[in-house]
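Asker: Please see the structure below; I have some questions.
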Amino acid sequence: MGEQPAVVITVDGPGGSGKGTITQMLARKLGWHLLDSGALYRLTALAAERQGVALDNEPALVAVAASLDVTFEPTPPGESAKVLLAGEDVSAAIRTEQCGSNASKVAVMQSVRDALLQRQRDFRKAPGLVADGRDMGTVVFPDAPVKIFLTASAEERAQRRFSQLLQAGVDVSIANVLDEIRVRDERDMNRSAAPLKPADDAQVIDSTGLSIEEVLGRCMAAAGQT
C-alpha cells in the first residue's frame with residue numbers, strides 16, 4: 001500500500017473573513033505547514049505586472065503562474081506570513097488593494113488555476129498542512145478530513161480591512177473598501193471556475209462579532225484539536 005497523504009485542514013471563505021490570521025494561528029499551534037493560496041494569485045498578478053504581461057493575456061499569464069518561484073516563511077504571532085518571490089520579500093507589495101483586485105481577475109481564468117493547482121498540492125507534507133483560500137476544500141484538497149468555511153458580514157469584513165489599511169498608513173474610505181469587497185464577492189461567487197462556496201462537508205463558522213480567540217477556538221474544535 002502507498003503512503004497515506006499528509007493531513008490537511010482547509011480554511012475557505014471570502015476576503016476579510018479572518019482566514020489569513022486563523023490559518024497562521026492554526027499552523028503554529030499544530031506545528032504544521034502553511035499554504036496561503038490567495039497569495040499565489042496575488043504573486044501571479046504581481047509577477048505579470050513586473051514582466052509587462054497584460055491581465056487579459058491568458059497564455060502569458062499561464063506561463064507566469066507556472067514559473068513562480070515562491071516560498072512562505074512563518075512570522076511571529078499577529079503578523080502575516082512572509083512571502084518571497086524569487087528570494088525577494090514581496091509581503092507588502094502583494095497586499096495592496098490593487099494587487100488584490102488584479103488577483104481576483106487572474107483567478108477567474110481556468111487555465112491559470114490549472115497551472116497553480118499542482119503547485120498548491122505540493123505544499124501537502126507531513127506532519128500536516130493548513131490551507132487558506134477560496135476553493136481549498138472544493139477543488140484543491142477535496143479529500144481533506146477537516147474543511148472549514150469562515151465567513152462574516154460584508155460590513156464587518158470591510159471594517160477589518162479598513163482598520164488594517166489605516167494602520168499601514170493607507171488613505172482610503174470605508175465606503176470604498178466596502179464597495180471593493182462586495183464587487184470581489186460577486187465576482188468570486190459567480191465565476192465559472194471554482195466559484196466561492198462552502199464544500200458540502202465543510203463546517204461553516206460565522207466570525208461576525210467574535211474575537212479572534214473565539215474564532216480560533218471554534219476552528220480548533222472543528223478540527224478535533226480542543
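The values are calculated or read from the model by the stated rules, or taken from the named source; none is laboratory data. Here the structure is a predicted model, which means the values were calculated and not measured. Note: ideal-geometry Cβ built from the backbone for every residue, glycine included; neighbour counts use all protein chains shown. Heads up: the accessible areas ignore ligands, DNA and RNA and are worked out on the full protein's heavy atoms, side chains in. Shrake-Rupley method; radii C 1.70, N 1.55, O 1.52, S 1.80 Å.
Asker: Got a sec? Which strands (runs of 3 or more DSSP E) wholly within the range 1-74 have at least 3 residues that are over 13 Å from V112 (Cα atoms) and touching a residue at least 24 places away in the same chain (Cβ under 8 Å)? Before you say what the answer is, go through the steps one by one.
Answerer: Details: elements: 7-12, 33-36, 70-73.
Answer list for the range 1-74: 7-12, 33-36.
Asker: Out of the range 179-212, which residues are at pLDDT 90 or above, crowded, with 17+ Cβ neighbours inside 10 Å, assigned to a helix (DSSP H, G or I) and not aliphatic (A, V, I, L, M)?
Answerer: Passing the criteria: only E180.
Asker: Taking the range 42-67, which residues are out of contact with any strand residue (DSSP E or B) (no Cβ under 8 Å at 6 or more places or on another chain) and open to solvent by less than 20 Å² (accessible area, probe 1.4 Å)?
Answerer: Listed by number, the residues that qualify are T44, A45, A48, L61, V64, A65.
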